[in-house]
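Participant: Dropping the structure in here first, questions after.
The values are calculated or read from the model by the stated rules, or taken from the named source; none is laboratory data. Since the model is a prediction, treat every value here as computed from it, not as a measurement. Cβ coordinates were reconstructed from backbone atoms using ideal geometry, including for glycine residues, and neighbour counts include every protein chain displayed.
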Amino acid sequence: MIKQSLFDPIALDSLKCPNRVVLQPFQENMANRDGTVSQNLFNFYLNFAREGAGVIILESAYVATQGRATLNQLGICEESHTEGLYRLVRALKSEGAQVGLRLAHAGARTAEALCQEQPVGPSVINFGKDFDVSREFDDDDIEEITLFFVHAAERAEEVDADFIEINGTQQYLLDQCLSTRLNNRSDEYGGDIHQRMHLPANIIRAIKSRISPEMQVSYYFSIHDKLEDGFHEGDLKGMIKTLSDAKVDILHPVSIHVMNKFFDTDETLLEWVAKFTRLPVIAEGNIKSPQILKEAMGLNKAQLYALDRILFSRPNWYTFLQKKFTD
């Protein structure tokens, strides 16, 4: 088994990462109210690129006003959004980082005041008093939502991002589709795991047909909140197969803690994912100390590691990690 090095460059096909450190968007909603890049957002990410983050994933950008979740969320659904994104991406890449843009649709987890229409989801859902009851998406909605993601991916390519990441967690639309608690459909978009993953798979296929082969697609997902509803290892296997068949390039599973055991076994989520795929994996889950990072890397099941905000909040965090990994 080859011992991984956190600080050596690693190539994932067209993605040439200067190191394995991933800045995941632990702070969001820093954009201007029109969804454009604010100076605060620009400075926030640029600071981490200058300090040494090899891969930076920008916060979830709404692919359509219909899918907007918060007032100061980043947007990527209008041409007016692209100028600031282009400047930001170029600035980050000039510091040596690889840049990913996370694309999101809130689905039912929004309010009419934000999304300017009744929220849409896989079923009728009400997330609480701060949200409005959704309507169930139909075939026309599915076609429209797919195009929203496709056009957003094309804009990500226009602004020179190195890859895109589709948000399939945070209780947003695609996560709602996966959840048997939130998705009670009886058509091809509800039911078994392949049907619940039908919309994400369609979106990935549509995106891959419209962007260049060099532009990779990552899928960000979580399952820990599905376990009590009966999500099992067979579901994980089916989920990964559906994503793989759709030609996703990278998997980004997130866990409450990266070393937590799953499915009543002694194996972590990373180990379970590795059983079902050879695709590159981004590890994430409360990696808040060098010791936890070393344990996760010791599994040798991921290629990149998304660190917790606690590590990034340390002064000279990159130098700190280098010292810890050479002691």
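Participant: Residues in the range 54-77: is at least one touching a Leu at 6+ places or on another chain (Cβ under 6 Å) and part of a loop (DSSP other than H, G, I, E, B)?
Facilitator: Yes, the conditions are met somewhere in the range 54-77.
Participant: Considering only residues that are out of contact with any strand residue (DSSP E or B) (no Cβ under 6 Å at 6 or more places or on another chain) and part of a loop (DSSP other than H, G, I, E, B), look in the range 13-26 and name the one that is nearest to MET215 (Cα to Cα).
Facilitator: Per the criteria, the residue is SER14.
Participant: Confirm whether GLU95 is of a type in the set (Asp, Glu), within 21 Å of LEU23 (Cα to Cα) and under 21 Å from the mean Cα position of the chain (by Cα).
Facilitator: The answer is no for GLU95.
Participant: Can you name every residue in the range 117-142 that is acidic (Asp, Glu), surrounded by 14 or more Cβ atoms within 10 Å (Cβ to Cβ) and more than 15 Å from GLY190 (Cβ to Cβ)?
Facilitator: ASP132
Participant: Okay, moving on. Might you check whether a residue that is in a helix (DSSP H, G or I), free of Cβ contacts under 8 Å to residues at least 12 places away in the same chain and within 19 Å of ASN260 (Cβ to Cβ) occurs anywhere in the range 304-319?
Facilitator: No: zero hits.
Participant: Tell me yes or no: at least one residue of the range 27-45 is under 19 Å from SER94 (Cα atoms), of a type outside the set (Gly, Ala, Ser), assigned to a loop (DSSP other than H, G, I, E, B) and under 21 Å from the mean Cα position of the chain (by Cα).
Facilitator: Yes, the range 27-45 has at least one match.
Participant: Select from the range 224-247 the residues that are in contact (Cβ under 8 Å) with a residue 60 or more places away in the chain and not in a helix (DSSP H, G or I) and list them in ascending order.
Facilitator: none
Participant: Given the residues PHE320, PHE262, PHE325, PHE221, which is the only one that is modelled with pLDDT under 95 and among the aromatic types (Phe, Trp, Tyr)?
Facilitator: Step by step, each of PHE320, PHE262, PHE325, PHE221 is checked, and only PHE325 is modelled with pLDDT under 95 and among the aromatic types (Phe, Trp, Tyr).
Participant: If you don't mind, there's one more thing I want to ask. Are any residues in the range 261-302 free of Cβ contacts under 8 Å to residues at least 40 places away in the same chain and at positive phi, and if so, which ones?
Facilitator: The answer is PHE263, ASP264, GLY285, ASN286.
Participant: Being within 26 Å of GLU51 (Cβ to Cβ) and either in contact with a Pro (Cβ under 6 Å, 6 or more places away or on another chain) or at pLDDT below 95 (or both), is that true of even one residue in the range 296-306?
Facilitator: Yes, there is a match, as at least one residue in the range 296-306 is within 26 Å of GLU51 (Cβ to Cβ) and either in contact with a Pro (Cβ under 6 Å, 6 or more places away or on another chain) or at pLDDT below 95 (or both).
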